[in-house]
Amino acid sequence: GQQVMQIPQYQHVQEGEDFTTYCNSSTTLSNIQWYKQRPGGHPVFLIQLVKSGEVKKQKRLTFQFGEAKKNSSLHITATQTTDVGTYFCAGFIAGNKLTFGGGTRVLVKP
Amino acid sequence: NAGVTQTPKFRVLKTGQSMTLLCAQDMNHEYMYWYRQDPGMGLRLIHYSVGEGTTAKGEVPDGYNVSRLKKQNFLLGLESAAPSQTSVYFCASRRQGGYGYTFGSGTRLTVV
């Protein structure tokens, strides 16, 4: 079964509002990565978190890695229409290959 | 730099036909991967390669074969296509010791 879970599967957000999407793993991760896929596009690497409790920011996006290294979150402030897309988290569970979560599809209401 | 290039971009196959998807990267990356993406299922790993001449199975390898005869190319073959293989296929690469994957633009395959 899927070892990396993301919630919610869909996120409808009013433009200007904040929201958070969550990623949970059944096993401890060495690191976690986040990707964004625009509609009709391909996944694009956003960031990698490695340390327990690590927090990184990219403009309006804040990424956090849990203390136990089994969960992560992505918080977006003041959502814009350019934030539309699907956000994936992914972790190296075994070897040199990433396991991706199912993604959170973000829809923005103007 | 082109990055990761996938050909073809679209293809319609009849059940039982065969085809090969080509992935080419010009970044000298050691690792290459094939994923399929289905609605609500995220990205699932089919096969991967950690270097020229090596391949390994991923999460959903059945019905697919791969080859990596040259470092820059990773081929995905469907010997006898089935409707269940209708999907969007993404190739990705990563350099050894690197962080994120670089994805190609995808191949949308429909098997009828």
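The values are calculated or read from the model by the stated rules, or taken from the named source; none is laboratory data. A quick note: this is a predicted structure, and the numbers were derived from the prediction, not measured. All Cβ positions, glycine included, derive from the backbone under ideal geometry; neighbour counts span all protein chains shown. Each accessible area value is taken on the protein alone, full model and side chains, heavy atoms only, with ligands, DNA and RNA left out. Shrake-Rupley method; radii C 1.70, N 1.55, O 1.52, S 1.80 Å.
Remark: chain A carries 48 Å² of accessible area per residue (probe radius 1.4 Å; ligands, DNA and RNA excluded).
Evaluated on the range A:66-110, the Kirkwood hydrodynamic radius is 12.6 Å, with distances taken between all distinct Cα atoms. Taking max minus min of the alpha-carbon positions on each principal axis, chain A gives extents of 42, 27, 20 Å, largest first.
For a paramagnetic label modelled at 7 Å from the Cα of residue B:99 toward its Cβ, which residues of the range A:27-42 fall within the zone defined by backbone nitrogen distances under 17 Å? The answer is A:30-37. Here residue B:71 and residue A:80 are evaluated by their C-beta separation; at R0 = 35 Å the FRET efficiency comes out at 0.30. Pairing chain A with chain B buries about 1500 Å² of accessible area. This figure sums both sides and uses a 1.4 Å probe. Between residue B:110 and residue B:22, the FRET efficiency from the beta-carbon distance, with R0 = 22 Å, is close to 0.75. Based on the convex hull around the alpha carbon atoms, chain B presents an average projected area of 6.5 nm². Computed over neighbours whose Cβ is under 12 Å from that of residue A:86, the net charge equals +2, Lys and Arg +1, Asp and Glu -1.
Of the accessible area of the protein assembly as shown, computed with a 1.4 Å probe over protein heavy atoms only, carbon and sulfur atoms account for 51 percent.
Past the 28 Å Cα-Cα mark, which pairs from A:97/B:70; A:36/A:69; A:57/B:71; A:70/B:70?
From the list (A:97/B:70; A:36/A:69; A:57/B:71; A:70/B:70), the Cα-Cα distance tops 28 Å for A:57/B:71; A:70/B:70.
Residues of the range A:82-110 buried by at least 50 Å² of accessible area upon assembly of all protein chains, compared with the chain on its own (1.4 Å probe): A:96, A:97, A:100. Per-residue SASA remark: residue B:86, around 50 Å² accessible (1.4 Å probe; ligands, DNA and RNA not included).
Each label was represented as a point 7 Å from its Cα along the Cα-to-Cβ direction; for residue A:109 and residue A:93 these points are 3.5 nm apart. Interface burial in the range A:44-71 reaches 20 Å² or more for A:45, A:48, comparing the full protein assembly with the chain by itself; accessible area from heavy atoms with a 1.4 Å probe. Placing one equal scatterer on every Cα of the range A:29-72 and applying the Debye formula, the log10 ratio I(q)/I(0) at q = 0.19, 0.20, 0.21, 0.31 Å⁻¹ is -0.59, -0.64, -0.68, -1.07.
Distance from the Cα centroid of the range A:1-78 to that of the range B:41-112 is 24 Å (rounded to whole angstrom). Probing with 1.4 Å while keeping every protein chain in the model, the per residue accessible area of chain B equals 48 Å².
If you wrap the protein assembly as shown's Cα atoms in a convex hull and average its projection over all directions, what's the area in nm²? For the protein assembly as shown, the mean projected area of the Cα convex hull comes to 12.1 nm².
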